[in-house]
Amino acid sequence: MHARHLPQGNTTTDDASLLEQASGRRTLLVVDDQEVNRLILARHLELLGHRVLQADSGPQALQILREQAVDGVVLDVVMRGMDGYEVCRRIKADPVTWFIPVVMVTVLNNQSDRVRAMEAGADEFLSKPVYPEELSARIRSLMRWRDAREALEQARREQMRGLFSRFLCPELVDDLLAAPEDEARSLLKRSERRDAAVMFADLRGFTRLSERLSAEQVVTLLNSFFSVMTRVTHAHRGTVFGMGGDSLLVGFGVPLPQEDAGVRAFDCAREMQRAFRGLSRSWREDWGVDAGLGIGINRGEVVCGNVGAESYLSYTVVGDAVNVAARLQAQARAGEVLLSGSLHETLDKERARACECLPNPLFLKGRSRPLPVLRWQVDR
């Protein structure tokens, strides 16, 4: 749903809106190009406790719906210019207003008129003369149906938010939920190849720490580490694909494409190293232990999808690009970010100059050719 705000002078508080709904009072828009008919119907609805807005044409009605919060529309079919069928079609075609119930009223009273109203998206069809009590009852019924549908939609969105929040930063979750439902749900079901930047961040000296600290202290230490690293990742709109032991797997440009994935990965890695200095300092003060952080980042083609056994699936990234990032991380010393030449190529001149080439390329396990590797250090 898209939130809409009332213009200055008509703004109501959320509490007042809830009270209105609880009491059955709704804001209704009456659309009719005949002033007498419009005024009579509006007066009847006001006497029944509703707040009534009026429009004398289709374009004016659509403008009001874009600017004000309306619970239902009572729409005449026969109007000069844009008729009620076209107004209804436009209401139902607009993602901001499609959920607003529309009751169409007309002196026409044959089967073809009702079919046209339903095809236009009308929720109810009444013939003139309209009895206000019957119209109000129809409105209340539609409101109950709409409220139930909104509750189901909210529950669905919360379910999807909980699912995607495991991987994505809040902004990406919002972007995804704004997409059609089928597109959002299919994202985690399909497998595909993507050009992405992949990062591994790993604690240095964790085995030594875990031997010195109690189990509770180890868990507290890891929780603080993952909390800080995840916060930095989300700040750069990265996706957390895994937390295993003392290591973090992060992706950029996957599952949602990002043209600047390499830049985001590099900036994220640098901020992680800077943030870890403060974290390491607190560990030293609290527990008298020293730790470091090594990071490896690479760019290349990955396969993303649900991987695992039938009883346990995990949405993740796999492929050679992921393996290279892992091996770069294994070579990185505390305070270092090692990045592949393919990722370095995506950086602008200023970021690229902040890195230094290693004197010799690295021979990584499983690769027949040496890999050009660059280094960024947190104390530079």
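The values are calculated or read from the model by the stated rules, or taken from the named source; none is laboratory data. Since we're looking at a predicted model, the values are computed, not measured. Here the Cβ positions follow ideal geometry from the backbone for every residue, glycine too, while neighbour counts run over all protein chains shown. Side chains are part of the model used for accessible areas, which takes the heavy atoms of the whole protein and leaves out ligands, DNA and RNA. Shrake-Rupley method; radii C 1.70, N 1.55, O 1.52, S 1.80 Å.
Identify the residue in segment 362-380 that is touching a strand residue (DSSP E or B) at 6+ places or on another chain (Cβ under 6 Å) and open to solvent by 30 Å² or more (accessible area, probe 1.4 Å) and, among all such residues, is modelled with the lowest pLDDT. Give the steps one after another, and end with the answer.
Step one: filter segment 362-380 for residues touching a strand residue (DSSP E or B) at 6+ places or on another chain (Cβ under 6 Å), giving 362, 364, 371, 373-377.
With the extra rule that they be open to solvent by 30 Å² or more (accessible area, probe 1.4 Å), the set shrinks to 362, 375, 377.
Details: 362: 75, 375: 94, 377: 93.
Among residues in segment 362-380 that are touching a strand residue (DSSP E or B) at 6+ places or on another chain (Cβ under 6 Å) and open to solvent by 30 Å² or more (accessible area, probe 1.4 Å), the one modelled with the lowest pLDDT is 362.
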Filter segment 251-274 down to the residues that are of a type in the set (A, V, I, L, M) and modelled with pLDDT of 95 or more and list them by number. 261, 263, 265, 269, 272
Taking the residues in segment 99-144 that are more than 22 Å from residue 46 (Cα to Cα), open to solvent by 50 Å² or more (accessible area, probe 1.4 Å) and out of contact with any Ser or Thr (no Cβ under 9 Å at 6 or more places or on another chain) as candidates, determine which candidate is modelled with the lowest pLDDT. 110
Looking only at segment 333-344, decide whether some residue is in contact with a helix residue (DSSP H, G or I) (Cβ under 9 Å, 6 or more places away or on another chain), assigned to a strand (DSSP E or B) and more than 17 Å from residue 248 (Cβ to Cβ). yes
Can you tell me which residues in segment 206-225 are surrounded by fewer than 16 Cβ atoms within 10 Å (Cβ to Cβ) and not charged (D, E, K, R)? 207, 214, 215, 219, 220, 223, 224
Being among the hydroxyl-bearing types (Ser, Thr, Tyr), under 22 Å from residue 343 (Cα atoms) and surrounded by 21 or more Cβ atoms within 10 Å (Cβ to Cβ): is that true of residue 239 here? yes
Can you give me the ranges of the strands (runs of 3 or more DSSP E) entirely in segment 18-93 with at least 1 residues that are of a type in the set (Ser, Thr, Tyr), in contact (Cβ under 8 Å) with a residue 60 or more places away in the chain and open to solvent by 70 Å² or more (accessible area, probe 1.4 Å)? none
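Residue 306: under 25 Å from the mean Cα position of the chain (by Cα), of a type in the set (S, T, N, Q) and farther than 17 Å from residue 204 by Cβ, yes or no? Reasoning before the result, please.
Numbers: under 25 Å from the mean Cα position of the chain (by Cα): yes; of a type in the set (S, T, N, Q): yes; farther than 17 Å from residue 204 by Cβ: yes.
Considered against the rule, which asks whether it is under 25 Å from the mean Cα position of the chain (by Cα), of a type in the set (S, T, N, Q) and farther than 17 Å from residue 204 by Cβ, residue 306 comes out as yes.
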Of the residues that make up segment 204-221, is at least one under 22 Å from residue 297 (Cα atoms) and at pLDDT 90 or above? yes
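If you scan segment 265-278, which residues turn out to be buried (at least 16 other Cβ atoms within 10 Å of the Cβ) and more than 26 Å from residue 371 (Cβ to Cβ)? Outline the logic, then answer.
Our first condition is that a residue be buried (at least 16 other Cβ atoms within 10 Å of the Cβ); within segment 265-278, this holds for 265-273, 275-276.
Correct list: 275 only.
Condition first: more than 29 Å from residue 304 (Cβ to Cβ) and modelled with pLDDT under 90. Can you find one or more residues in segment 187-202 that meet it? It would help to see each step written out before you state the result.
Start the filter on segment 187-202 by keeping residues that are more than 29 Å from residue 304 (Cβ to Cβ), which leaves none.
No, segment 187-202 has no match at all.
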Neighbours by Cβ (under 6 Å, 6+ apart or cross-chain): first from segment 125-151, under 26 Å from residue 36 (Cβ atoms); second of a type outside the set (A, V, I, L, M) and in a helix (DSSP H, G or I): 125/114; 132/44
Could you list, in sequence order, the residues of segment 279-297 that are open to solvent by 10 Å² or more (accessible area, probe 1.4 Å) and within 31 Å of the chain's Cα centre (by Cα)? 279
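Mind checking which residues of segment 211-244 are charged (D, E, K, R) and either assigned to a helix (DSSP H, G or I) or closer than 13 Å to residue 291 by Cβ (or both)?
Selection gives 211, 212, 216, 231.
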Go through segment 66-88 and report how many residues are under 20 Å from residue 138 (Cα atoms) and not β-branched (Val, Ile, Thr). 8
